[in-house]
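The values are calculated or read from the model by the stated rules, or taken from the named source; none is laboratory data. The structure presented is a predicted model; accordingly, all values stated were derived computationally and were not measured. Calculation scope for accessible area: heavy atoms of the full protein, side chains included, ligands and nucleic acids excluded. Shrake-Rupley method; radii C 1.70, N 1.55, O 1.52, S 1.80 Å.
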Amino acid sequence: MKNRIILLIALIFSGGIMFAQEAISGQIADWSNGNGDVIGGLRAPVILGSVASDGTFAIPLNADYLSVVKKQLEASKKESSSDFSTSLIKLDRAFGCSSENMEFTDTDQPVSALSTLGMFALGDMEQERLFGYLIAASSDEFAKSIKNIMSNEFKTGYFVDWYYVAKPASIKGSCTFESYAINQEEMYSNTQEYDLEFRAGWNIIKYEIEAVFEDRDGKTYPSRERYTVLDELPRDMKYVFLPHER
């Protein structure tokens with residue numbers, strides 16, 4: 001999880017959804033924000049999809065998504081006066097860890113997620129308004145813990161996200177490492193398990209916290225994490241909308 005926090009920039013759905021190769025679509029329950037946009041992006045915000053006034057949403061899954069993202073990065077670089085540049089993360093950096101138990105196959109290729117840490121921003125780009133965040137997760141509590149990731153109040157549970165790769169690849173294995181709690185006195189171990197068999201195109205990735213360590217101050221940390229590629233969305237998954245806190 002810590003690797004993903006460093007590599008990804010944190011930018012979440014309630015209601016039914018249908019996954020198809022062409023698009024993600026469904027309806028957000030109790031939606032009261034009118035028409036809006038589903039927003040993502042690496043350096044600058046971009047519109048990924050739309051939300052109607054009745055809560056119906058659609059997010060197209062572009063068949064050539066990496067080319068779209070590369071063009072966005074190039075345009076953003078031209079418009080920026082900064083020397084800072086963003087490039088797509090390689091698959092072996094986005095997932096995996098340093099261990100003799102790890103096996104990487106064809107992972108020296110770029111990968112791009114549809115959201116960030118499982119979260120989509122919902123808002124109105126034209127009016128520069130943020131309504132809140134949308135995440136496909138196992139529970140409201142887990143979704144909130146991911147949104148407030150720096151508070152170290154992790155729960156057991158999972159979220160799913162959509163990742164795009166150009167060709168098949170795999171990451172298998174596990175690693176265990178020791179970390180200090182925030183108090184810098186207690187230590188705990190964290191084991192990460194990887195069972196990722198990527199197909200060319202879009203992949204549904206499930207990130208799960210199976211166990212947590214609680215320090216004496218009540219802060220919690222992942223102590224067993226698992227990454228898997230799914231053939232379909234979990235039956236017990238929820239789409240949680242978290243309003244923006246002004």
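Report the Stokes-Einstein translational diffusion coefficient (µm² s⁻¹, integer) for the chain, Rh taken as the Kirkwood radius over Cα pairs, at 37 °C with viscosity 0.692 mPa s.
Details: Rh = 18.9 Å.
Rounded to a whole number, D works out at 174 µm²/s.
Return the subset of Lys90/Lys219; Lys147/Lys167; Lys71/Lys172; Lys167/Lys206 for which the Cα-Cα distance in this structure is over 28 Å, preserving the input order.
Details: Lys90/Lys219 32 Å; Lys147/Lys167 31 Å; Lys71/Lys172 31 Å; Lys167/Lys206 19 Å.
The answer is Lys90/Lys219; Lys147/Lys167; Lys71/Lys172.
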Might you work out the accessible area of Leu88 for me, using a 1.4 Å probe with all protein chains in place, and round it to the nearest 10 Å²? 30
Ordering Ser139, Ser53 by how much accessible area each has at a 1.4 Å probe, largest first, what is the list? Ser53, Ser139
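Per DSSP H run of n ≥ 4, the term is -39500 (n - 2.57); total these for the chain, divide by its residue number, and report the mean residue ellipticity at 222 nm rounded to 500 deg cm²/dmol. If you can, show how the numbers build up before the last one.
Details: 4 runs with 33 residues, N = 246.
Helix contribution divided over all residues of the chain: -3500 deg cm²/dmol.
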Leaving out same-chain residues fewer than 8 places away, which aspartates and glutamates sit with a Cα under 12 Å from that of Lys238? Asp140, Glu141
